[in-house]
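The values are calculated or read from the model by the stated rules, or taken from the named source; none is laboratory data. The model shown is predicted, which means the values in this text are computed figures rather than measured ones. Counting neighbours? That spans all protein chains shown, and the Cβs are built from the backbone with ideal geometry, glycine included.
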Amino acid sequence: MPHELPELEQMLRESLADHKLSREEKTQFKALTIDLNAEQRRFMNNRAFDLIRAELRGTGSATPIELSFSLLRWLEQTQKALNGSIDCTDPRVYFSPGESCRRAILDAVLAARATIDICVFTISDDRISKAIVKAHQRGVKVRIITDNDKSEDTGSDVDWLAEQGVPVCMDSSPSHMHHKFALIDAKQLINGSFNWTRSATDRNQENIMISSHPKALAAFSTMFETLWQQYS
């Protein structure tokens, strides 16, 4: 049995406790199921139905309508997570010097609807910083992790972003927080060498890749949360 199946079954049991799948659980489901074959997916589908049957038996013959609907909703969400189409479209790749990297970042930030998690070594490009603040002001939950040493550079926008109310965490260790990635609405990953600076756009040889691959999203989301807790 693949090692993913016992972990998936445990996740099914845990999520059934409140009869719904959180966004994080959906992302984890997709990451764990991406490599399963058709037979393994059928097995997990059957396990979900088995858990529903056991839950209904435990409630007796007169199952409240509200409970029935919540269980059906959980089953629907579970089936979508287990069998939903995985975005296998080739990732989008951009290079600098030139506007393509900055434009792609701006488009992603401006299109965000719920969350933006940014983990970038340094931020000094005013256009990107203003887009981040606009997202924050329209109700998007924005969080920024960055490096404390680079925040002291001339032109750094980190302190200004914090003054606008954007939550910022900084690495205070002797080493550098050198990541350059961002997660948009927990659906898109922006990752690459590109620092969010004017020099990265105008002069440097840089790159970013934008992907919606479930395993990549799950891994980078876990890293972000780990660093956020570490630096908070």
Of (1) at pLDDT 95 or above; (2) under 21 Å from N204 (Cβ atoms), V168 satisfies every one except (2)
Could you look through the stretch 126-174, keep only residues that are over 17 Å from W228 (Cα atoms) and β-branched (V, I, T), and pick out the one that is surrounded by the fewest Cβ atoms within 10 Å (Cβ to Cβ)?
T154
Selected residue (criterion: surrounded by the most Cβ atoms within 10 Å (Cβ to Cβ)) from residues of the stretch 1-58 that are of a type in the set (G, A, S) and at pLDDT below 75:
A31
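Condition check ((1) among the charged types (D, E, K, R); (2) over 25 Å from E24 (Cα atoms)) across all residues:
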{"residue": "V168", "(1), (2)": "no, no"}
{"residue": "D185", "(1), (2)": "yes, no"}
{"residue": "N204", "(1), (2)": "no, yes"}
{"residue": "M209", "(1), (2)": "no, no"}
{"residue": "P214", "(1), (2)": "no, no"}
Residue among S173, S221 that alone is free of Cβ contacts under 8 Å to residues at least 12 places away in the same chain, of a type in the set (S, T, N, Q) and farther than 17 Å from L110 by Cβ
S173
Which condition number in (1) of a type in the set (F, W, Y); (2) part of a helix (DSSP H, G or I); (3) more than 20 Å from S22 (Cα to Cα) is the one that F194 fails?
(2)
So for the stretch 68-88 (the condition being surrounded by fewer than 21 Cβ atoms within 10 Å (Cβ to Cβ), at pLDDT 85 or above and under 29 Å from R143 (Cβ atoms)), does at least one residue qualify?
no
Could you pull out the residue among T122, T115, T154 that is without any contact (Cβ under 8 Å) to a residue 12 or more places away in the chain and either touching a Cys at 6+ places or on another chain (Cβ under 7 Å) or β-branched (V, I, T) (or both)?
T154
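Rundown of residues vs (1) farther than 18 Å from N207 by Cα; (2) touching a strand residue (DSSP E or B) at 6+ places or on another chain (Cβ under 7 Å), yes/no style:
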{"position": "L110", "(1), (2)": "yes, no"}
{"position": "A114", "(1), (2)": "yes, yes"}
{"position": "T122", "(1), (2)": "no, yes"}
{"position": "K130", "(1), (2)": "yes, no"}
{"position": "N148", "(1), (2)": "yes, yes"}
{"position": "T154", "(1), (2)": "yes, no"}
{"position": "D157", "(1), (2)": "yes, yes"}
{"position": "L161", "(1), (2)": "yes, yes"}
Scanning the stretch 208-223 for residues that are in contact with a Leu (Cβ under 7 Å, 6 or more places away or on another chain) and in a helix (DSSP H, G or I), which turns out surrounded by the fewest Cβ atoms within 10 Å (Cβ to Cβ)?
A216
The stretch 196-207, subset crowded, with 21+ Cβ neighbours inside 10 Å and among the polar types (S, T, N, Q), residue nearest to C101 (Cα to Cα):
T201
Pull out all pairs, ordered by first then second residue, where Cβ-Cβ is under 6 Å, the residues are six or more apart or on different chains, the first lies in the stretch 181-198 and is within 18 Å of D147 (Cβ to Cβ), and the second is assigned to a loop (DSSP other than H, G, I, E, B) and of a type in the set (D, E).
W196/D125; T197/D125; R198/D125
